[in-house]
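Here the structure is laid out as structure tokens; the discussion comes afterwards.
The values are calculated or read from the model by the stated rules, or taken from the named source; none is laboratory data. Nothing here was measured: the structure is a model prediction, and the numbers come from that model. As a convention, Cβ positions derive from the backbone with ideal geometry for all residues, glycine included, and neighbour counts pool all protein chains shown.
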Amino acid sequence: MRLFLFVFFACLGPIFGLSGRADAQSVRSVLGGEAKSAFESSSEVNVRNKEAIKLVQIGGRKAVRLRLDYAWQGGNLDWYRLGRGQPGHAQRLQFRETARAQMKPGREYWYSTSFLLPSSVRTVSNHTLSAMDFKHVMFRGSVPTVELEFSKGRFRIKESLDSRWKCGTYRNVDGGQTAVCDRTNIVASLGAQSRFTNRWVQVVAHMKWVADGTGFFNLWIDGRPIYGFSGDSLRQAEAVQFKFGPYRHHMNGDPGVADIYYAGIVRAKSCDGLGLLNCDVLLSNPPRLGFQNIQGTERQVANEFTDGLTR
């Protein structure tokens, strides 16, 4: 039986803080799963405009539309990234699990999320548009671990679980500390962006975050196994956080309006708890280690800790 997510109505209004109670209600309406879980706005970096969030019916589902418009700019940590003084680097409209609801070491978690990218969104070629990610929380910041993104005209999965990490912090443009790690990202292409537009894309993930060899992360897209990992999945993190919402970065100009629709964002202790109809198929067809059902991979070396930012 599917359980509905209980979100604390009294505190979500000021936390979401975009254009009032209606927007908090819109995002809340697509959340489901474990009781006492909660999401909050990434308010220190999010765009702020009354048109950014809208509850709609699309593709036969109730969904929340999250919009980015270049004219709305973004928070300083994104718009003026790394303190280099050039505006327009990044902007986002993301929602994240609260500190109380973040994933803790030692327990298994299941997630299901559906998103729809309209074909009206320009082909993402010279920047990156992220749809959702899992982030390791450490050093009063967070480091992306598995990310679903559009870039180079393709839909891609980026992971760094298979990489060695060397981590630390740097002082950001607001005077706070941001966590960074040297690591190698493996980026797998699932196909052209056009293959994943104007329809619901279903994402299912099963994971356990521990520092010994029993940790794992399994990912399915549209019912097909895509990525599997086994080993030290926790690293130096104190917890792991799921985030959803459009985040685009390394922009070099106005890439046009970006809408992404989200529905059925659910977390549970088991696949059955997600309320899906294809759990038997997923459980009988788990991902192998590494990537499968993809069109190729590339390596991205991230020297965040040693490139001078921490000095």
Ala188 versus (1) of a type in the set (Gly, Ala, Ser); (2) under 22 Å from Gln91 (Cβ atoms); (3) touching a Ser or Thr at 6+ places or on another chain (Cβ under 7 Å): which is the lone unmet condition?
(2)
Go over the candidates Ala302, Ala263 one by one and state the one that is in contact with a Lys or Arg (Cβ under 7 Å, 6 or more places away or on another chain), at pLDDT 95 or above and assigned to a strand (DSSP E or B).
Ala263
Looking only at the stretch 191-202, filter to residues that are more than 20 Å from Ser112 (Cα to Cα) and out of contact with any Ser or Thr (no Cβ under 9 Å at 6 or more places or on another chain); which one of those is surrounded by the most Cβ atoms within 10 Å (Cβ to Cβ)?
Gly191
Only one of Cys167, Cys181 is in contact with a Ser or Thr (Cβ under 9 Å, 6 or more places away or on another chain) and farther than 22 Å from Ala38 by Cα. Can you tell me which?
Cys181
The stretch 229-252 - residue that is outside any loop (DSSP other than H, G, I, E, B) and of a type in the set (Lys, Arg) and, of those, farthest from the chain's Cα centre (by Cα):
Arg248
Suppose we filter the stretch 182-241 for residues that are at pLDDT 95 or above and among the basic types (Lys, Arg); how many remain?
4
Filter pass, Val203 being part of a strand (DSSP E or B), under 18 Å from Phe134 (Cβ atoms) and of a type outside the set (D, E, K, R)
yes
Selection from the stretch 147-158 of residues that are in contact (Cβ under 8 Å) with a residue 24 or more places away in the chain, touching an Asp or Glu at 6+ places or on another chain (Cβ under 8 Å) and either surrounded by fewer than 22 Cβ atoms within 10 Å (Cβ to Cβ) or in a loop (DSSP other than H, G, I, E, B) (or both):
Ile157, Lys158
Residue by residue through the stretch 208-228, note down the ones that are assigned to a strand (DSSP E or B) and surrounded by fewer than 20 Cβ atoms within 10 Å (Cβ to Cβ).
Lys208, Arg224, Pro225, Gly228
Could you run through the stretch 59-100 and say how many residues are among the β-branched types (Val, Ile, Thr) and at pLDDT below 95?
1
When you go through Thr169, Thr178 one by one, which is the residue that is assigned to a strand (DSSP E or B) and over 19 Å from the mean Cα position of the chain (by Cα)?
Thr169
